[in-house]
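Encoded as structure tokens, the structure appears first; notes follow it.
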Amino acid sequence: MAQRYQAWKDRSTMTEPGTASWDVSISEADFAKLIAGFESQSMDDKWNVWSEEESHGGDMLVHFARSWTGQKVWILHLEANEGEGNTGGKIKGITWAQKLGEIHISEEQGKRDATIMSRALLGCEVEALPDYCYASRLPAFELRAPRSIITLCAIFPRPITTTTTTTTTTTIPVTTTMASLIRNAGRLRAPFLGANARVAHKAPIAPQRRYASAAAAAVADSGEHSFFPDEPRQPIVKTEIPGPESKKAIERLSKVFDTRSLNMMADYSQSYGNYIADLDGNVLLDVYAQIASIPVGYNNPSLLLAATSPEMASAIINRPALGNFPQHDWADILESGILSVAPKGLNQVFTAQAGSDANELAYKAAFMWRRQQQRGGASADFSQEDIDSSMNNKAPGAPDMSILSFKTGFHGRLFGSLSTTRSKPIHKLDIPAFDWPQAPFPVLKYPLHEHEAENAAEEQRCLDATEHIITTFHNPPAAVVIEPIQSEGGDNHATPNFFRGLREITKKHNVLLIVDEVQTGVGATGKFWAHEHWGLSTPPDMVTFSKKAQTAGYYFGNNDLRPNKPYRQFNTWMGDPARAILFRSIIQEIKRMDLVNSTAAVGDYLFDGLQRLSERFPQEIQNLRGKGQGTFIAFDNVRRDEVLKKAKGEGVNIGGSGERAVRLRPMLIFQKQHADLLLERLERVFLS
């Protein structure tokens, strides 16, 4: 076997190797299994294990390496027992990679991981270490079955026996996996084996991708650290999209659910990192990311770990009505998560369910604030006329006020938020709307540096119109709501000067400024919040959020934005602790991997690549925009829908917005190698 793996050995590397003595006795059977090793047979095998004689001393070295990169993770130093009647041997020592990605691996963890791998992959019965689970920390080597699923403590008190489709029977007395729990309910795949599992044969650990081209191999060898080292290296397109299996699933679903807006039928058990899979084996680089709402990758191991914590289980099973029965640690959850990334100057939060909901609640807060001011402050009570007229939807109890929004803006599909949405008629048709005003949003010319004077004049025109509306509209605005980048409306940008001017106008006229960061927030623009690019003298009054946060709500700092009485800003759930816990884990991942700064750098790299591509294909990439805004990049294309369809055929899932914009919404884990792939596939589309 050593000869068979000569090519792997020639290119194998180990990151920051460490060596330690071990002195663990092993049986003859285990000794033989370690020497025999494991040869990857298909894309489903993640590891190669081989042995060779040590160059000095005659002992045996057992190498564990990733099957598609050859990167060594552990080397076990074996010594056979000597003398008549002696069998087996011992593990004299271990060499292990002390750093995998951004994770430092201690000696203890290296030994634990090697023990687990020997048990799971080779069927060894190594009893060198006590049984354990990974509930307390993330496993260093991210064992997955078949995608990113890590070994987790089961909540079941009794052993679980599972029979897989490949006839492997596994008994898992103490630990099991999220993957096996999910797959037992449907399409069962080979589960990952627990720490003390007994195996009938050497089952594959997880599927991997071979390089589809020399270009892919070059990307893999470029030296850039990959946030998801086990994700596919190239898209895989096996069928048309949708393929036959997807079409069957769509037909079935359409009988009970409206599928007319369907993009693709996804298989999330096979999606990982930046790649989304479907039922036909197609695996696409996803730069749309569930309409910009997946922050740190599909099946992120850290999030899977958080999903199985007792804290999460309690939040799901005992979902509290937060306004009446908040859980005892709700303040801890908020302070360690949502509020830990609060925009500057905003130290309070009202949690919600979704982006539309967050905006709707922010509007309510603005109206209640304005009426409190008019009555003389929070201490002033309602008049009887206020009370009586409110029940008839009449003023003064139901006041004639408004929220000012901007042309081509999008703020949601509920009644209040829909009244401020101006992106597409399809969202608004047949729905009664409030009599609320809209101001013009700047229409900039590109490239920006060639049209500075014209664009400055355009922005001033829009600011003048906005101020005029605030001072003259018959239903006075209590607040102005605006997106940092109009996303659904076509990825429309304005300069920081425009937003600074808008803030001064709202302050001048005592109107609140609500910044809708539902799509722009949580790092995508190279800042955690997009409005940080503006350099405001005072913060917005409220900032709404959702999507990548996987929860929703609005931040505020002014105590007067709390209603003067309870139950005025209220609903049954008032958010969801489970989603807040998830956002906390997302924040931890973002900080651990420095994803905001990474997104800023990758965005610059991608923009430069698109700029070069636009010089070759000026009719395909028009009005390229988003420079300096992370990966929040877009361009116009007159055949936009055709481009999106062809891109999917080339293995890339891209979204559109407005009438002809191609909008890029990759995850925060999108890196330069993904940008290279995206540029390559766009070039193919433009040439077709």
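The values are calculated or read from the model by the stated rules, or taken from the named source; none is laboratory data. Every value quoted in this text rests on a predicted model; they were computed, and no experiment measured them. Note that each Cβ is placed from the backbone with ideal geometry, even for glycine, and that neighbours are counted across all protein chains shown.
Here are some notes:
- Residues in segment 288-304 that are of a type in the set (A, V, I, L, M, F, W, C) and in contact with a helix residue (DSSP H, G or I) (Cβ under 8 Å, 6 or more places away or on another chain) were compared, and the one that is farthest from SER226 (Cα to Cα) is ILE291.
- Residue list for segment 636-675, restricted to those being out of contact with any strand residue (DSSP E or B) (no Cβ under 8 Å at 6 or more places or on another chain) and under 19 Å from GLY526 (Cα atoms): LEU668, PHE670, GLN671, LYS672, GLN673, ALA675
- When restricted to residues that are in contact with a helix residue (DSSP H, G or I) (Cβ under 6 Å, 6 or more places away or on another chain), buried (at least 21 other Cβ atoms within 10 Å of the Cβ) and part of a strand (DSSP E or B), segment 644-659 contains 1.
- Residue match in segment 488-495 (condition: in contact (Cβ under 8 Å) with a residue 60 or more places away in the chain, in the same structural domain as HIS427 (by TED's automatic domain parsing), polar (S, T, N, Q) and out of contact with any helix residue (DSSP H, G or I) (no Cβ under 7 Å at 6 or more places or on another chain)): yes
Okay, residues lined up against (1) outside the structural domain of PRO442 (by TED's automatic domain parsing); (2) buried (at least 24 other Cβ atoms within 10 Å of the Cβ); (3) among the β-branched types (Val, Ile, Thr); (4) more than 30 Å from ALA395 (Cβ to Cβ):
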position: PRO477; (1), (2), (3), (4): no, yes, no, no
position: GLY501; (1), (2), (3), (4): no, no, no, yes
position: ILE514; (1), (2), (3), (4): no, yes, yes, no
position: HIS531; (1), (2), (3), (4): no, yes, no, yes
position: ASP541; (1), (2), (3), (4): no, yes, no, no
position: PHE570; (1), (2), (3), (4): no, no, no, no
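- Tally, over segment 634-643, of residues that are part of a helix (DSSP H, G or I) and touching an Asp or Glu at 6+ places or on another chain (Cβ under 9 Å): 2
- Here LYS527, LYS547 are screened, and the one residue that is within 22 Å of LEU418 (Cβ to Cβ) and either buried (at least 18 other Cβ atoms within 10 Å of the Cβ) or aliphatic (A, V, I, L, M) (or both) is LYS547.
- From THR466, THR471, residue being part of a helix (DSSP H, G or I), modelled with pLDDT of 95 or more and in contact with a Leu (Cβ under 7 Å, 6 or more places away or on another chain): THR466
So that you can scan it fast, the table gives a plain yes or no per residue for (1) closer than 21 Å to GLU483 by Cα; (2) modelled with pLDDT under 95; (3) of a type in the set (A, V, I, L, M, F, W, C):
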site: PHE607; (1), (2), (3): no, no, yes
site: GLY630; (1), (2), (3): yes, no, no
site: ASN637; (1), (2), (3): no, no, no
site: LYS648; (1), (2), (3): no, no, no
site: GLY656; (1), (2), (3): yes, no, no
site: LEU668; (1), (2), (3): yes, no, yes
site: HIS674; (1), (2), (3): no, no, no
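- The residue pairs whose first member lies in segment 430-448 and is more than 14 Å from THR420 (Cβ to Cβ), whose second member is in a loop (DSSP other than H, G, I, E, B) and of a type in the set (Gly, Ala, Ser), and whose beta carbons are closer than 6 Å, counting only pairs six or more residues apart or on different chains, are PRO442/ALA494.
- Within segment 582-633, the set of residues being among the charged types (D, E, K, R), in a loop (DSSP other than H, G, I, E, B) and closer than 23 Å to VAL443 by Cα comprises GLU620, LYS627.
- Whichever residue in segment 248-279 is of a type outside the set (A, V, I, L, M) and crowded, with 21+ Cβ neighbours inside 10 Å and, among such residues, is farthest from ILE581 (Cα to Cα): ASP278
- Any chance GLY323 is surrounded by 15 or more Cβ atoms within 10 Å (Cβ to Cβ), under 17 Å from ASP576 (Cβ atoms), outside the structural domain of LEU644 (by TED's automatic domain parsing) and modelled with pLDDT of 95 or more: yes
- Wholly enclosed strands (runs of 3 or more DSSP E) of segment 252-353 bearing at least 3 residues in contact (Cβ under 8 Å) with a residue 24 or more places away in the chain and either closer than 25 Å to ARG681 by Cα or in contact with a strand residue (DSSP E or B) (Cβ under 9 Å, 6 or more places away or on another chain) (or both): 283-286, 348-352
- In segment 611-636, the residues that are over 22 Å from LYS548 (Cα atoms) and touching a residue at least 12 places away in the same chain (Cβ under 8 Å) reach residues that are buried (at least 17 other Cβ atoms within 10 Å of the Cβ) and of a type in the set (Gly, Ala, Ser) with C-beta atoms within less than 7 angstrom, at least six apart or across chains, in these pairs: ILE621/SER614; LEU624/SER614; ASP636/ALA661.
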